[in-house]
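Following: one structure in structure tokens, then a few remarks.
The values are calculated or read from the model by the stated rules, or taken from the named source; none is laboratory data. The model shown is predicted, which means the values in this text are computed figures rather than measured ones. Positions of Cβ are backbone-derived with ideal geometry, glycine not excepted, and every protein chain shown enters the neighbour counts. Surface accessibility is based on the protein's heavy atoms, side chains included, excluding ligands, DNA and RNA. Shrake-Rupley method; radii C 1.70, N 1.55, O 1.52, S 1.80 Å.
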Amino acid sequence: LFFAALFVLVEAVGELGLLRFIAETMSGVVGTVPVGGRQAFSIFIILWTSAIFSSFVDNIPFTATMIPVMTKMVENVDGISIEPLAWALALGACFGGNGTLIGASANIVMVSKAEVEGYHISFIDFFKVGFPLMMLTVAIATVYLLVCNAIFWQATAGT
């Protein structure tokens with residue numbers, strides 16, 4: 001039932017034109033970058049955008065919403081491919097969910113279990129530890145993805 005509702009929500013957002021607007025805006029920004037740097041720039045934008053948004057919005061609906069956006073970006077902009085963007089989205093959404101208490105369902109379950117055991121963890125308490133760690137892991141993922149792009153993906157970007 002959850003996944004059915006999720007896909008209805010994503011379709012509704014698409015019907016409202018929000019996904020098209022986001023895709024066109026991101027495509028426009030990426031299109032201003034010289035072709036040789038578009039893929040690296042796209043990786044950076046997708047990774048950090050998904051990390052920040054996934055900190056405050058559950059990462060599953062965000063990821064489901066971003067997939068059509070990335071597909072449109074690849075169709076609209078020369079010099080980028082879907083594979084590195086998919087990795088950027090996966091890592092950004094995953095690590096971003098660690099940034100706040102509400103970023104991932106597992107965080108809520110953990111805090112509920114801690115509360116039962118007598119340990120109170122507030123949103124701010126979680127944020128003070130989780131957000132800096134999230135920023136660190138996303139920074140490491142940025143380096144990793146840009147190295148992968150240089151070694152594996154850039155030669156076939158846009159093909």
Residues that are over 21 Å from VAL33 (Cβ atoms) and open to solvent by 80 Å² or more (accessible area, probe 1.4 Å): does region 65-76 have at least one? yes
Which residues, counting only those in region 114-131, are more than 17 Å from the chain's Cα centre (by Cα) and in a helix (DSSP H, G or I)? ALA114, GLU115, VAL116, PHE123, ILE124, ASP125, PHE126, PHE127, LYS128, VAL129
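Please enumerate the residues belonging to region 31-64 that are β-branched (Val, Ile, Thr) and open to solvent by 20 Å² or more (accessible area, probe 1.4 Å). Working first, answer last.
First, pick out the residues of region 31-64 that are β-branched (Val, Ile, Thr): 32-33, 35, 43, 45-46, 49, 52, 57, 60, 63.
Selection gives THR32, VAL33, VAL35, ILE45, THR49, ILE52, VAL57, ILE60, THR63.
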In region 13-30, what residues are more than 13 Å from PRO68 (Cα to Cα) and open to solvent by 30 Å² or more (accessible area, probe 1.4 Å)? LEU16, THR25, GLY28, VAL29
Filter region 145-156 down to residues that are touching a residue at least 12 places away in the same chain (Cβ under 8 Å) and under 20 Å from the mean Cα position of the chain (by Cα) and give me whichever is nearest to PHE56 (Cα to Cα). LEU145
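Specify which of the listed residues (LEU91, LEU85) is modelled with pLDDT of 95 or more, open to solvent by less than 30 Å² (accessible area, probe 1.4 Å) and under 27 Å from THR137 (Cα atoms). Full working, then the answer.
Working: LEU91 fails: open to solvent by less than 30 Å² (accessible area, probe 1.4 Å).
Among LEU91, LEU85, only LEU85 is modelled with pLDDT of 95 or more, open to solvent by less than 30 Å² (accessible area, probe 1.4 Å) and under 27 Å from THR137 (Cα atoms).
Hey, which of the helices (runs of 4 or more DSSP H) in region 17-101, taking only ones fully inside, have at least 2 residues that are under 12 Å from the mean Cα position of the chain (by Cα)? Full working, then the answer.
Values: elements: 18-31, 35-56, 59-76, 82-96.
Because the criterion is at least 2 residues that are under 12 Å from the mean Cα position of the chain (by Cα), the helices (runs of 4 or more DSSP H) in region 17-101 that meet it are 35-56, 59-76, 82-96.
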Pairs needed: first member in region 104-116, under 19 Å from PHE131 (Cβ atoms); second member anywhere, open to solvent by 60 Å² or more (accessible area, probe 1.4 Å) and at pLDDT 90 or above; C-beta distance under 7 Å; at least 6 residues apart or different chains. ALA104/ASN98
Criterion first (at pLDDT below 90 and not small (Gly, Ala, Ser)) does VAL8 satisfy it? yes
